[in-house]
Amino acid sequence: MKNITLSRRAFIFCSAASVVLAATRAHAYYGEGILEGESGPAFAPWHEWSPDLPTEPLSAVRAAILAANPHNTQPWIFHVSDSRIDLFADTSRNIGSFDPFFREMHVGLGCAIENLALAAPVNGYECRIELMPGAANQVAEIALTRASHTKPELASAITKRHTNRGAYDTSSPVGMPTLDALAALGGDDSELRIVWFKSSSERSALGDATIAATQAIVADDDQSRASFEWMRRTYDDVQRYRDGLTPLVQPASRFTIAISQLIPTSRSVVDKYWVAETRDTQVPTASAFGIIVAPDSRSNLYRLRAGRLWQRMHLWAVQNGIAMQPLNQIIERAEREQNADLDPVFTRRTAALVGDARWQPVMAFRLGYPTEDAKPSARRAVASVVVN
């Protein structure tokens, strides 16, 4: 067979033609609203819970699946009866070396419990929650009894809460009264605290550590791959899997997002983008950072309670015009060191940031006033997470 060699000019022409074709398709998708962030069945669950739904236990589950969770893995399984909901951890939906001790998984399950607890009275139920009741992988038993319809204040924010990964407004700092109000959402739980990083030096300390941890993660082939496995890089994949991370929720122009959905990016490009966004956008524009701490970060009970607190904080923040984003790289890297017996660089650094050996980090985050609206992430249908 005759060999055919493309000239440089022909190669450039073909490449340019591919980009033009992709851009044309992207423009068509954009014009049809397909890539506006809430189109297609993957985003339908955000519109399927409301106070007007029938009074049945399944209604509360529709709210629970809208909760925050790590890498949008949605690691939950529900068993639903007329008087009870059992929540189980789906350990097959883990992030591998990113979450070797399932800390983030249980924080996400705690978020789902909080959403469920807020939605139940809206749909006519009083619920009694028992955490870690004892069955294998069961994280909560929620007993339901009929009650009058009430609407907890935070319930109205359930369908509006989205993680905001964009730039925050550096000209409008979040004041200490607001941080105190967020911390007060922990109520009487004296075993959970928030360490705030508000001053310039405090923000620099945690911000620099976060950037360094992000760089260490992407340099670790195992962690990089574990994260990339949850990247849904095309519109079709978003609709097929209905989970994971996607350019649709990233801070970029809609047209750029449309093109990225048609020309999937490589792992190295995704890693570089993550480092750049952490270094150039997320860290420098944060008004404050926080770390939720507990006496034992390996305790699933504390993790679930921390998740419930995070969900309450995020819902309250939405109602008060504040953006929030988990920023767990320092903890993720520290746990990787502990699990793989690596030099404990970030284990020591995280301990120094917390500053008190009696408290261990469960979750780190940033907050500030948004400069753009947060976008929803895909969600699996209720039917796919409820089992008999």
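At a glance:
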{"read-out": "FRET efficiency for residue 171 and residue 79, using Cβ-Cβ distance with R0 set to 35 Å, rounded to 0.05", "value": "0.10"}
{"read-out": "Cross-link reach list, aspartates and glutamates versus residue 375, counting only Cα pairs under 12 Å and skipping chain neighbours closer than eight places", "value": "36, 38"}
{"read-out": "Anchor residue 198: aspartates and glutamates whose Cα lies under 17 Å away (excluding residues fewer than 8 positions away in-chain)", "value": "169, 180, 208"}
{"read-out": "The stretch 315-372: trypsin sites (Lys or Arg not before Pro) in DSSP loop, at most 14 other beta carbons within 10 Å", "value": "358"}
{"read-out": "At R0 = 45 Å, FRET efficiency that the Cβ-Cβ distance of residue 150 and residue 354 yields, to 0.05", "value": "0.75"}
{"read-out": "Whole-number D in µm²/s for the stretch 176-368 (Stokes-Einstein; Kirkwood sum over Cα pairs; 20 °C, 1.002 mPa s)", "value": "120"}
{"read-out": "The stretch 276-312 versus the stretch 152-178: alpha-carbon centroid distance in Å", "value": "14"}
{"read-out": "Table column - 3J(HN,Hα) (Hz), the stretch 331-346, Karplus curve with 6.51, -1.76, 1.60, x for Gly and Pro", "value": "6, 4, 6, 4, 5, 4, 4, 5, 6, 9, 6, 9, 4, x, 4, 7"}
{"read-out": "When the stretch 125-177 is reduced to its Cα atoms, the Kirkwood hydrodynamic radius in Å", "value": "15.6"}
{"read-out": "Per-pair calculated FRET efficiency, R0 = 25 Å: residue 90 and residue 128 via Cβ, rounded to 0.05", "value": "0.60"}
{"read-out": "The stretch 116-258 - convex hull of alpha carbons, volume per residue in Å³", "value": "227"}
{"read-out": "Between the stretch 104-118 and the stretch 198-252, the alpha-carbon center distance in angstrom", "value": "21"}
{"read-out": "Separation in nanometres of the label points that stand 7 Å from Cα toward Cβ, at residue 225 and residue 340", "value": "1.1"}
{"read-out": "Gain upon complete extension [residue 50, residue 298; 0.36 nm per residue less C-alpha separation]", "value": "85.8 nm"}
{"read-out": "Qualifying aspartates and glutamates (Cα of each under 12 Å from Cα of residue 151; at least 8 residues distant if same chain)", "value": "52, 126"}
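No lab work stands behind these numbers, since they all come straight from the coordinates. All values derive from a computational prediction rather than experimental measurement. Counting neighbours? That spans all protein chains shown, and the Cβs are built from the backbone with ideal geometry, glycine included.
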